[in-house]
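Chemist: My questions will all concern the structure given below.
Derivation of every value follows stated rules applied to the coordinates shown; laboratory data play no part. Bear in mind that the values here come from a model prediction, so they are computed numbers and not experimental data. No Cβ is skipped: glycine too gets one built from the backbone with ideal geometry, and neighbour counts run over all protein chains shown.
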């Protein structure tokens, strides 16, 4: 279900210096729905800027450890069957990161940083791309590690309200991506075959996990990271949502 030429050009023109999509094969008309990770849509950079404001000269270092530990904890909790929602994981990871770097984390600063995940900004290219996709008849959903409170908090009162048919949180299966139980939620919600659902990932490991599950996968590689060495190459790759739109038009 390709977009019209007018929609493609309009969306693509809104992204400056986005780079050309690196695709191995186009999705064409086979894709009927897209399941999005949270971070191709929500921009975490202001959170890490806040970390620098709160801890001058230490923000970048703190953010690197904090973010890495978040996902390490999700994987460990899934493997050991000790689930905790993602906002709780974010909090735990922040405490660990500060202790490991000998940073004094007050209650006020801790609350400010954790709660910032409930009110993230939207990447500028996200809404135009999503609007065009929705108008073309492609069904949209979040399929995210975000807790329901995180999804609701970040969507409420924004132009995303009503954009997504489903807000699928890993809370429902108490297992984080890349566990197959998490990816299966998209199949169950849409009632479609795996090959009819494109997964849009932000992280390389998530792109590989979704591809191994059997989803056609596009990696919105905003951070220009190298591909993971996991024997699972995404079907398409680009730096922006406009690149995703171009991929679907092929």
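Chemist: Which whole-number percentage describes the relative contact order of the stretch 45-118, with Cα contacts under 8 Å and a sequence gap of 6 or more? Let's see the in-between values first.
Modeler: Details: 53 pairs, mean separation 23.3, N = 74.
RCO, the stretch 45-118: 31 percent.
Chemist: What is the angle, in °, between the Cα long axis of helix 126-135 and the longest principal axis of the Cα atoms in the chain? Nearest 10 is fine, range 0 to 90.
Modeler: The two axes meet at around 40 degrees.
Chemist: Most mobile of 132, 107, 153 per a Gaussian network model of the chain (Cα springs, under 10 Å)?
Modeler: In this elastic network of the chain, the residue with the biggest mean-square fluctuation among 132, 107, 153 is 107.
Chemist: Another one. If the chain between residue 165 and residue 135 were fully stretched, how many nm would it gain, using 0.36 nm times the residue separation less the Cα-Cα distance? Walk me through the intermediate numbers first.
Modeler: Values: separation 30, 0.36 × 30 = 10.80 nm, distance 1.31 nm.
Gain on extension, residue 165 to residue 135, equals 9.5 nm.
Chemist: Need the full-extension length gain, residue 152 to residue 60, defined as separation in residues times 0.36 nm minus the C-alpha distance. One decimal, nm. Present the calculation step by step, with values, prior to reporting the outcome.
Modeler: Working: separation 92, 0.36 × 92 = 33.12 nm, distance 2.80 nm.
Between residue 152 and residue 60, full extension yields 30.3 nm more.
Chemist: Please compute the Kirkwood hydrodynamic radius of the stretch 174-242 from all pairs of different C-alpha atoms, in Å with one decimal. Can you show the working numbers first?
Modeler: Details: mean 1/r = 0.0826 Å⁻¹.
Answer for the stretch 174-242: a Kirkwood hydrodynamic radius of 12.1 Å.
Chemist: Any idea what angle helix 59-79 forms with the longest principal axis of the chain, computed on alpha-carbon atoms, 0 to 90 degrees, nearest 10?
Modeler: Once rounded, the angle reads 70 degrees.
Chemist: Among 56, 40, 234, which one moves the most in a GNM of the chain with springs linking Cα atoms closer than 10 Å?
Modeler: Looking only at 56, 40, 234, the biggest GNM fluctuation is shown by 56.
Chemist: Moving on. Which value in deg cm²/dmol, rounded to the nearest 500, describes the helix-derived mean residue ellipticity at 222 nm for the chain, given -39,500 (n - 2.57) per DSSP H run of n ≥ 4 and division by the residue count? Could you put the intermediate results ahead of the total?
Modeler: Values: 10 runs with 111 residues, N = 250.
Helix contribution divided over all residues of the chain: -13500 deg cm²/dmol.
Chemist: Kirkwood Rh over Cα pairs of the chain into Stokes-Einstein at 4 °C, 1.567 mPa s: D in µm²/s?
Modeler: Values: Rh = 18.5 Å.
Calculated translational D: 70 µm²/s.
Chemist: Give the distance, in whole Å, between the Cα centre of the stretch 74-88 and the Cα centre of the stretch 120-180.
Modeler: The stretch 74-88 and the stretch 120-180 have Cα centres spaced 21 Å from each other.
Chemist: Follow-up question, since we're still on this one. Would you compute the Debye intensity of the stretch 45-118 from its alpha-carbon atoms alone, equal scatterers and no solvent, and pass along log10 I(q)/I(0) at q = 0.19 Å⁻¹ to two decimals?
Modeler: With no solvent term, the Cα-only Debye profile gives -0.72.
Chemist: Now a separate question. On C-alpha positions alone, give me the angle between the axis of helix 204-213 and the longest principal axis of the chain, in degrees, nearest 10.
Modeler: Roughly 50 degrees, rounded to the nearest 10.
Chemist: Go through 113-122, 222-231 and give me the packing order, highest mean Cβ count within 10 Å leading. Write out the running numbers ahead of the final one.
Modeler: Values: 113-122: 17.5, 222-231: 11.7.
The packing order, highest mean first, is 113-122, 222-231.
Chemist: Would you work out if the stretch 69-205 is rounded, prolate or oblate? Take a ≥ b ≥ c from the square roots of the eigenvalues of the alpha-carbon gyration tensor; rounded if a/c is under 1.5, else prolate when a/b is larger than b/c, oblate otherwise.
Modeler: Judged from the Cα gyration tensor, the stretch 69-205 comes out oblate (a/c at least 1.5, b/c at or above a/b).
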